[in-house]
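Trainee: My structure is below; once you've seen it, I'll send some questions.
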Amino acid sequence: MVSKCRQRLHMLSRLKKFRMPPTDLLTVYQSYVRPIIEYAVPVWHPGLTGNNRKALESIQKRAFRIILGADYEGYNRALQTLSVQSTDERRHELCANFASSCLNSRRYSSWFDVNQGHHSMQLRNTRIFAEPRCRTSRRHNSPIPFLTRCLNQV
């Protein structure tokens, strides 16, 4: 996935040499590179390692460096300038949206069990959905428990 994104970033740098405006370059990035980074995110996002996250974030950093050119002053500044979320924030948001759409679906709403101990009292830590029991970290980082945690955070 990372190598495919790097190939597309090369295309972005070639467009930059033709003096394409930054707004158009950002549109090209969002249309051609970012979909590769975000493809099937709810399935693989929970199992990412720290190195995987850095590799995906480095693709966006490199794209911003290409888009902004000499105006690039750092990744956080580029996020603000281009009004874009970091890849980690965006993946988490996509997972939360996917979980809520599954919850509203007749077909997939059975993936999430309602917590039997749920009541109407206002507590600090209310969990509406029961998180599946996980004996291993691999199961804990699998999609259904992660999506359940996302729903409980909303």
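Trainee: To the nearest 20 debye, what is the magnitude of the charge dipole of the chain about its Cα centre, counting +1 on the Cβ of each Lys and Arg and -1 on the Cβ of each Asp and Glu?
Mentor: 520
Trainee: First compute the accessible area of the chain with a 1.4 Å probe, then give the percent of it belonging to carbon and sulfur atoms.
Mentor: 49
Trainee: Taking the simple approach of a point 7 Å from Cα along Cα-to-Cβ for both Arg77 and Asp113, what is their distance in nm?
Mentor: Taking the two extended label points, one gets 5.2 nm.
Trainee: Expressed in whole Å with the largest first, what are the equivalent ellipsoid semi-axes of segment 1-46 derived from the C-alpha gyration tensor as the square root of 5 times each eigenvalue?
Mentor: The answer is 24, 11, 5 Å, longest axis first.
Trainee: Quote the relative contact order of segment 1-147 in percent (integer), defining contacts as alpha-carbon pairs under 8 Å separated by 6+ residues.
Mentor: Rounded, it is 26 percent for segment 1-147.
Trainee: Run the numbers for Ala130 and Arg19: contour at 0.36 nm per residue of separation, minus the present Cα-Cα distance, in nm.
Mentor: 34.6 nm
Trainee: Net charge around Glu38, counting only other residues with Cβ within less than 9 Å of its Cβ (Lys, Arg = +1; Asp, Glu = -1)?
Mentor: With Lys, Arg at +1 and Asp, Glu at -1, the net is +3.
Trainee: Find how much the distance from Val43 to Arg106 grows on full extension, using 0.36 nm per residue of separation minus their present alpha carbon separation; answer in nm with one decimal.
Mentor: The span from Val43 to Arg106 would gain 20.7 nm if fully extended.
Trainee: Still on this structure, please answer the following. Compare Arg62, Arg106, Arg14 in a GNM of the chain, Cα atoms joined below 10 Å, and give the one with the largest fluctuation.
Mentor: Largest GNM mean-square fluctuation: Arg106.
Trainee: How long are the semi-axes of the ellipsoid equivalent to the chain, from square roots of 5 times the Cα gyration tensor eigenvalues, in whole Å, largest first?
Mentor: Values for the chain, descending: 37, 16, 14 Å.
Trainee: Follow-up. Tell me which lysines have Cα within less than 21 Å of Lys16's Cα, excluding those fewer than 8 residues away on the same chain?
Mentor: Lys4, Lys61
The values are calculated or read from the model by the stated rules, or taken from the named source; none is laboratory data. In this text, all values refer to a predicted model and were calculated from it rather than measured experimentally. With ideal geometry, Cβ positions are generated from the backbone for all residues, glycine too; neighbour counts draw on all protein chains shown. Areas reflect the complete protein model, heavy atoms only, side chains present, ligands, DNA and RNA absent. Shrake-Rupley method; radii C 1.70, N 1.55, O 1.52, S 1.80 Å.
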